[in-house]
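Scroll down for the structure; my scribbles are underneath it.
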Amino acid sequence: MHANPAPSFISGRMRIGHAWIAADPHPTISPATGQLIGSASLGTAGHIDDAVVAARCAAQRLARLSVWDRAALCRRVGQAIAARADELAMLLANEQGKPFESEAKDELAFAVEAFEVAAEAVKHVNGTSFPLREAGRLGITALRPRGVYGVITPWNYPIAISCAYYLAPGLAAGNALVWVPALTTSLVASLLMECLEAADLPDGAVNLVTGHGAVVGDALAGHRDVDAVGFTGSTATGRSVAMRAAGKPVSLELGGNGPTIVFADADLDLAAARICEGAFTNAGQTCTATERVLVERSVHDELRERLVARASAVVLGDPFDPATMMGPLHNQDTVDKVLAHLDDACAAGATIDCGGAVATGFATPLYFPATVVSGVGVGTLLNREETFGPVVPLLSFADEEELQAITRASRYGLFASVFTRSVNTAMRQAGRLRAGVVHINEMSAYWDLTVPGGGASGSDSGTGRIGIAQSIRAMSDEVTVTLGFG
């Protein structure tokens with residue numbers, strides 16, 4: 001076993017305005033080692049109040065900055081993160097559990113890129129001009145900052161989601177932000193705030209308040225002086241956030257269980273490779289992960305063999321061992337959910353082809369191997385709900401009518417994939433699937449900073465669109481001005 005370079009004990013602090021603040025400590029335990037690595041500060045509703053006041057003062061200053069000044073600000077943040085990327089990635093791997101070399105370092109690179117892309121994109125997200133009925137008049141629209149933006153982020157990609165979805169586009173748009181990260185990844189959030197401080201942001205431009213979601217998250221979502229709210233996380237919590245933020249602009253990126261569909265004419269080697277990458281990256285703890293695979297019956301067994309071979313080759317281990325391909329799950333609740341979904345599927349007649357049980361011989365009971373399950377029933381939790389673990393469930397279909405019945409058994413509608421060599425089949429499915437994004441011959445978890453992503457209407461996967469340019473626009477108010485001349 002490779003030695004885990006556990007960090008010195010870290011006392012996580014909050015950042016409000018110009019001040020660093022420590023509050024009652026909450027222990028942070030590494031899912032990889034089970035060791036105490038630090039303590040997060042338990043903020044209160046009072047800290048949220050203070051952060052909103054600081055953000056309101058900063059919002060006025062940010063609103064006066066030119067677009068080019070905001071772009072320069074974003075570039076400085078990206079450079080400050082890049083300067084401490086390895087340190088941030090090491091803490092991320094310890095605190096969240098993902099492999100250091102193959103995933104944590106990539107997440108930091110993604111965050112740096114998010115600020116770079118935002119710096120350029122904001123220069124090209126423009127308003128419009130249009131003629132009016134009366135001669136001598138012109139209508140124009142312009143974008144302006146919403147003001148104080150409250151953002152609440154999850155533990156699965158604590159740096160990438162926070163930066164790419166909210167911090168980079170929010171600052172580029174000229175907003176001041178109050179940020180509540182997941183409590184269990186608050187230490188790396190605090191270290192990220194040191195980078196933002198080094199980038200010479202105006203005091204209060206980004207404020208960090210850590211603590212229990214039911215305390216600080218609820219206080220932020222319902223705060224009367226917050227102008228808009230962004231949330232990424234579970235569907236259940238998203239509903240609560242939306243209710244508390246009623247009357248404000250709200251962006252919600254929630255759960256997913258998007259289908260990956262494999263037709264008989266598909267390149268099965270490509271499909272198997274992309275399915276496993278989408279299912280096992282971040283130990284499957286991704287809202288756009290390959291959650292269920294619907295395969296045409298005539299090639300079911302061929303695909304299953306390929307998937308089992310690839311899953312069996314996934315090296316589970318310590319995040320700091322270079323050979324590790326997949327780290328532990330983040331917490332016991334996630335392990336319990338994965339096991340419950342597998343038990344439900346097996347009770348309905350499914351077969352576990354590989355994996356399927358907590359791995360032994362590791363420092364914590366959170367290590368779960370790459371798993372393939374076949375013979376999964378349409379009504380099972382694996383098909384209907386988000387599992388959020390390293391599991392590939394296989395369901396078979398005979399024709400497209402049966403396929404539609406299987407896909408509609410789930411209320412989620414985030415990302416989906418279709419593997420086929422037929423353009424007609426691909427485009428037909430893209431038009432029928434209830435999903436915000438449909439990938440053709442690519443894993444469902446594929447995402448680029450320029451791709452508009454989000455949940456389909458009527459699904460349990462949220463509202464609004466992410467993607468740097470789309471987020472800048474969504475985090476702005478559109479103001480219409482009519483101009484009379486002559």
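Taking a ≥ b ≥ c as the square roots of the eigenvalues of the Cα gyration tensor, an a/c ratio of 1.5 or more together with a/b larger than b/c marks region 318-428 as prolate. If you take the Cα centroid of region 199-238 and the Cα centroid of region 413-479, the two points sit 25 Å apart. Taking all Cα pairs closer than 8 Å and separated by 6 or more residues, the relative contact order of region 259-448 comes to 29 percent. Using θ = phi - 60° in the Karplus curve 6.51 cos²θ - 1.76 cosθ + 1.60, the 3J(HN,Hα) couplings for region 227-234 round to 8, 7, 9, x, 9, 10, x, 6 Hz; x is entered for Gly and Pro. Model label sites at Arg411 and Met243, defined 7 Å from Cα along the beta-carbon direction, differ in position by 1.4 nm.
Please say if region 1-133 is rounded, prolate or oblate, where rounded means a/c under 1.5 for a ≥ b ≥ c the square roots of the C-alpha gyration tensor eigenvalues, and otherwise the choice is prolate for a/b larger than b/c and oblate otherwise? Note, shape of region 1-133 comes out oblate. Loop-located chymotrypsin sites (Phe, Trp or Tyr not before Pro) across region 1-75 with a Cβ neighbour count of 11 or fewer within 10 Å are Phe9, with loop assigned by DSSP. For a paramagnetic label modelled on His212 (point 7 Å from Cα along Cα→Cβ), amide N atoms under 14 Å away belong, within region 11-31, to 24-27.
Taking amide hydrogens as placed 1.01 Å from N in the peptide plane, the amide H of Asn207 sits under 5 Å from those of Leu177, Val178, Trp179, each at least 5 positions away in sequence or on another chain.
Set the Förster distance to 22 Å, then compute FRET efficiency between Arg428 and Ser457 from the Cβ-Cβ distance, nearest 0.05.
Working: r = 20 Å, r/R0 = 0.91.
Computed FRET efficiency for Arg428 and Ser457: 0.65.
For the listed peptides 228-239, 87-98, a ranking on the average number of other beta carbons within 10 Å per residue, highest first, reads 87-98, 228-239.
From the alpha carbon centroid of region 50-94 to that of region 304-362 is 37 Å.
For Phe419, the residues 5 or more places off, or on other chains, whose built amide H falls under 5 Å of its own are Ile261, Val262, Phe263, Asn441. Residues in region 304-320 carry Karplus couplings, in order, of 4, 4, 5, 5, 5, 4, 6, 5, 5, 8, 6, 8, 8, x, 4, x, 9 Hz; the curve used is 6.51 cos²θ - 1.76 cosθ + 1.60 with θ = phi - 60°, and Gly or Pro positions show x. Sorting 324-335, 278-289 by their mean Cβ neighbour count within 10 Å, with the most densely packed peptide first, gives 278-289, 324-335.
Volume of the convex hull of region 347-402 (Cα atoms only), normalised per residue: 95 Å³.
Working note: Karplus 6.51/-1.76/1.60 with θ = phi - 60° gives region 134-148 the couplings 8, 4, x, 9, 9, x, 9, 10, 9, 9, 9, x, 6, x, 9 Hz, where Gly and Pro are set to x. A straight line joining the Cα centroids of region 258-302 and region 117-180 runs 35 Å. For region 259-448, the ratio of Cα radius of gyration to the globular rule of thumb 2.2 N^0.38 Å stands at 0.96. Once the Cα-Cα distance is subtracted from the 0.36 nm per residue extended length, the Lys123 to Ala72 segment shows a gain of 17.3 nm. The calculated FRET efficiency for the pair Asp86 and Ile140, based on their C-beta separation and a Förster distance of 60 Å, comes to about 0.80.
Looking at region 289-362, which trypsin sites (Lys or Arg not before Pro) are in a loop (DSSP not H, G, I, E or B) and have at most 10 other Cβ atoms within 10 Å?
Of the trypsin sites (Lys or Arg not before Pro), not one in the loops of region 289-362 has a Cβ with at most 10 other Cβ atoms within 10 Å.
Counting Cα-Cα pairs of the chain in 10 Å increments starting at 0 gives whole-percent bin shares of 4, 20, 29, 25, 15, 6, 1, 0, 0. Amide H to amide H, with H built 1.01 Å from N, Gly462 comes under 5 Å of Leu254, counting only residues 5 or more places away or on other chains. For the chain, the longest principal axis of the Cα atoms and the long axis of helix 235-244 meet at an angle of about 20 degrees. Relative to the longest principal axis of the Cα atoms of the chain, the long axis of helix 85-96 lies at roughly 60 degrees.
Coordinate-derived values only; no laboratory data. Here the structure is a predicted model, which is why all the values come from computation and not from measurement. Quick reminder, even Gly has a Cβ in these numbers, built from the backbone with ideal geometry, and neighbours come from all protein chains shown.
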